[in-house]
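Structure first, commentary second.
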Amino acid sequence: MDVPVCEQYLVSRTIYSETTFQEENEKTELVQKSIPQKLKNNCSCTSRTAHLKLKQYFPVLNWLPKYQWKEWFIHDIISGLCTGLVGTLQGLAFALLAEVPVGYGLYSSFFPILTYFFLGTSRHISVGPFPVICLMVGQVVLALAPDENFRIGNSTFNETQIDYEARDAERVVISGTLCFLIGIIQLVLGALQFGFVVRYLGDPLVRGFTTAAAIQVFISQIKLILNIPSTNYSGVLSIVYTIIDIFAKISKTNLADLIAGLITLVLCLVVKELNERYKHILRIPIPIEVIVAVVATGISYGVNLEETYNAAIVKNVPSGFLPPVAPEVSLFSQLFVPAFSIGILGYALAVSLGKVYATKYNYEIDGNQEFIAFGVSNIFSGCFSCFCASTALSRTAVQESTGGKTQIAGLISAAVVMISLLSVGIYLEPLQKSVLAAIVISNLKGMFWQVSDIPHLWRQNKWDTAIWLFTFFASLLLDIDLGLLAGILFGLFTVILRIQYPSYSSLGNVPGTDIYKDIQTYRNVDEPEGIKIIRFSSAIFYGNVESLKDGIKSVVGFDAVRVFNKRTKAQQKLNKLLKKKESLANENGIKGNSTTNEDAESDDDMDTYGRESLEIKAHDLNMQVDWNTEFPIGVSIPVVTIHSIIFDFGQVCFLDVVAVDCLKGIFKEFQRIEVDVYIAEYDDNVFSQLERCGFFNDAIKTDLCFLTIHDAVLHIQKQKKSCSNSSVLDMTSQVQESSQVVELKKIKEQKPSVSAKSAGREV
């Protein structure tokens, strides 16, 4: 098929090895700055530097002066009002997960927004409680302040009761201290530029983890919907014990709470589905949580569900703000490990969601600054007895879908929460906890649907599927903290496995081009005659050098060490036959007595010879042999059909010392059997690493390295073509000059005996 001229390109240039390229192109010497110079440059303070640093640490100074008040402000007001109403109800509901009084959920929906407005780089996320994070906080709170620690005796009725006031006060201290410590950890990581740590929380890992956490949340809220007395479990297999406990006590279900919870759940799910399906028509999503909460509160107050049906209600919603309190520093040692995992996960969830909207609206998220923003927010919130802040997917979706443009919408939503705290909150006291639990479960719908990731991931990447499933089951059975850690470690383990067993392929040339592709993948590619081109798709280091050797053997079809050992043994045998004149030729071939028991050693016995001794003996032999011809009886030589190997290092990003030593050995092994080895498509850093590790010497020169595969192929073909005629003449003269070789030739020219014919050659 004719190709238009405009879609072709022609190149005429020198065949570039590393040496010829260096001769024509001089490298630029990079001068490394000393530590004092770096400190001087980084610590110098000018008015411009101070201004840039101020904008960096207070991103509000970047976008607020550019705020379009006429176009954006009305949208932010509407978005803030809707998000504030939803945030108020979610704050109350998510406090149940954190195992603290529901009023503290309102504090946690208010204070973090104030600081994030100035320090955050995302303009669309709604800062506040997130169900998974609240569940993790609740498990820490339950572990340090279980009900058993607050039991008090009742002599009148001869039974034990729980001091709920003391228990709740202790749990508030623990959650506030945990929030404060999380903030310190996040702030330190941000100051140390550790924003890259979120890269180790890959999307399959996070989605598997959040799906398992959603199931944990669902199980914990079922207890509230049923309103049954149950024990709070934490630790390994806690979900199993909780399910067993629920079924054991299910006969004690409160029907009023169950009916209210189920109605709320159905209404919320149906309306949320309608909001999603008709979002192009509905300018503002229907705030179903707010509507249901108001109606349920009115019914509960009018019917007096608490006294009539013993329903569990919110009861106490604080009015006004609490004074700041200092964290309990003595708890830091017990809280550090969970604080670290919660802080990293909360940051990862917020940044991941923030990047989605940043991409959609064409602005950037600074990972390190987000660490600082959430760190300061959690430190500030911890002083006001809040629990850890992140962002909720549903609340953020409301803020964005209702037209929110900037964090001014977040400030307005905080103002709505503040109004609830100051005046409206007290009217929510008759609200049933089962209604709040149903609101929590309805917000988990998106996380449950993540199970559909599995078939899709399986088709795309089996390793990612394994990470998803492992993290899911580990988080479900080992508890949230241990599950997340196990998932991270398993993810790193899969990376090690993939690097340890890298893929390799044999390449061929697309005719008429300088393109080389896998011969097993494409039909119209041809291997250059006598040349094997091997591509490696991984870094080479001490963990995968054995896989590298196995891959080379698989592609070339023989073991270079084995070939060398057999050739050396064959030379010894032939030399012995010639010297002792035990191999006599006649018209019928070679006599049967030409082979002794010593001479007829098996091929496997040849490999038992030490490599060093074989090399020494080989140097003592001066005969020249064509190794691809027939030999006398008892000598079996593997056939080597190639004369050159090219290693494509285009996908090799680094080499360690062990890998370089291994490559030197590979070069030596192939050079001993007269197979030349070349390197092509290497990165400059890889070549520099080879130089630093002493790879190049008298036997391995930089001339063996080529900038492209095609350069190497053309060089080999040119070299073989120019040397072919002279090699034939040299071989003839050498044969004439050597009496031993003449006698060997006479032996070969004789008709071989039946036994000699039956002696095959090993391939």
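In table form, for the structure just shown:
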| read-out | value |
| --- | --- |
| Residue satisfying all of: in region 496-511; of a type in the set (V, I, T) and at pLDDT below 85; most open to solvent (accessible area, probe 1.4 Å) among these | I496 |
| Region 659-683, residues that are under 23 Å from Y516 (Cα atoms) and either at pLDDT below 90 or in a loop (DSSP other than H, G, I, E, B) (or both) | V675, E681, Y682, D683 |
| Those helices (runs of 4 or more DSSP H) lying entirely in region 684-759 with at least 1 residues exposed (fewer than 12 other Cβ atoms within 10 Å of the Cβ), within 60 Å of the chain's Cα centre (by Cα) and at pLDDT 85 or above | 684-692, 709-737 |
| Answer from R171, R151 - the residue that is open to solvent by less than 30 Å² (accessible area, probe 1.4 Å) and over 33 Å from the mean Cα position of the chain (by Cα) | R171 |
| Any pair with Cβ under 6 angstrom, 6 or more apart, that starts in region 294-320 at a residue that is touching a residue at least 40 places away in the same chain (Cβ under 8 Å) and among the polar types (S, T, N, Q) and ends at one that is surrounded by fewer than 17 Cβ atoms within 10 Å (Cβ to Cβ) and assigned to a helix (DSSP H, G or I) | S319/I426 |
| From K70, K66, residue being in a helix (DSSP H, G or I), at pLDDT 75 or above and not aliphatic (A, V, I, L, M) | K70 |
| Region 481-494, subset surrounded by fewer than 14 Cβ atoms within 10 Å (Cβ to Cβ) and not aromatic (F, W, Y), residue farthest from V140 (Cα to Cα) | L492 |
| So R535, is it modelled with pLDDT of 85 or more and under 17 Å from G665 (Cα atoms) | no |
| Whichever residue in region 292-350 is among the hydroxyl-bearing types (S, T, Y) and touching a Ser or Thr at 6+ places or on another chain (Cβ under 8 Å) and, among such residues, is least open to solvent (accessible area, probe 1.4 Å) | Y347 |
| Test: E165 is surrounded by 13 or more Cβ atoms within 10 Å (Cβ to Cβ), among the acidic types (D, E) and more than 30 Å from F493 (Cβ to Cβ) | no |
| Residue tally, condition in a loop (DSSP other than H, G, I, E, B) and charged (D, E, K, R), over region 361-418 | 3 |
| Every residue from region 93-132 that is under 22 Å from T210 (Cβ atoms) and assigned to a helix (DSSP H, G or I) | A93, F94, A95, L96, L97, G105, S108, S109, P112, Y116, P131, V132 |
| Top-ranked residue in region 259-290 [being open to solvent by 80 Å² or more (accessible area, probe 1.4 Å) and within 20 Å of G84 (Cα to Cα); ranked as modelled with the lowest pLDDT] | R283 |
| Flag for I185 being hydrophobic (A, V, I, L, M, F, W, C), in a helix (DSSP H, G or I), modelled with pLDDT of 90 or more and within 33 Å of the chain's Cα centre (by Cα) | yes |
| Identity of the residue in region 382-393, more than 26 Å from the chain's Cα centre (by Cα) and open to solvent by 10 Å² or more (accessible area, probe 1.4 Å), that ends up farthest from Q90 (Cα to Cα) | C383 |
| Region 242-258, subset part of a helix (DSSP H, G or I) and surrounded by 15 or more Cβ atoms within 10 Å (Cβ to Cβ), residue nearest to the chain's Cα centre (by Cα) | T242 |
| Matching option when the condition is surrounded by fewer than 24 Cβ atoms within 10 Å (Cβ to Cβ) and within 24 Å of F336 (Cβ to Cβ), among P146, P36, P65, P131 | P146 |
| Boolean, D559 is in contact with a strand residue (DSSP E or B) (Cβ under 7 Å, 6 or more places away or on another chain) and acidic (D, E) | no |
| Scan of region 188-218 for residues that are surrounded by fewer than 16 Cβ atoms within 10 Å (Cβ to Cβ) and in a helix (DSSP H, G or I), ordered by number | V188, A191, F196, V197, R199, Y200, D203 |
| Filtered residue count, region 422-449, keeping only those that are surrounded by 17 or more Cβ atoms within 10 Å (Cβ to Cβ), at pLDDT 85 or above and under 22 Å from G483 (Cα atoms) | 1 |
| Any hit, region 337-353, residues being aromatic (F, W, Y) and closer than 13 Å to S122 by Cα | yes |
| Any pair with Cβ under 6 angstrom, 6 or more apart, that starts in region 493-517 at a residue that is part of a loop (DSSP other than H, G, I, E, B) and ends at one that is open to solvent by 40 Å² or more (accessible area, probe 1.4 Å) | P502/S537; S503/S537; D514/H710 |
| Counted residues, region 219-241 - those being part of a loop (DSSP other than H, G, I, E, B) and within 16 Å of V141 (Cβ to Cβ) | 5 |
| Qualifying residue in region 89-103 (condition: open to solvent by 30 Å² or more (accessible area, probe 1.4 Å) and within 29 Å of I344 (Cα to Cα)) | yes |
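Yes/no matrix, rows are residues, columns are (1) open to solvent by less than 10 Å² (accessible area, probe 1.4 Å); (2) in contact with a Cys (Cβ under 9 Å, 6 or more places away or on another chain):
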position	(1), (2)
A358	yes, no
E364	no, no
F380	no, yes
V398	no, yes
I408	no, no
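The values are calculated or read from the model by the stated rules, or taken from the named source; none is laboratory data. The structure presented is a predicted model; accordingly, all values stated were derived computationally and were not measured. Neighbour counts run over all protein chains shown; Cβ positions are idealised from the backbone, glycine included. Heads up: the accessible areas ignore ligands, DNA and RNA and are worked out on the full protein's heavy atoms, side chains in. Shrake-Rupley method; radii C 1.70, N 1.55, O 1.52, S 1.80 Å.
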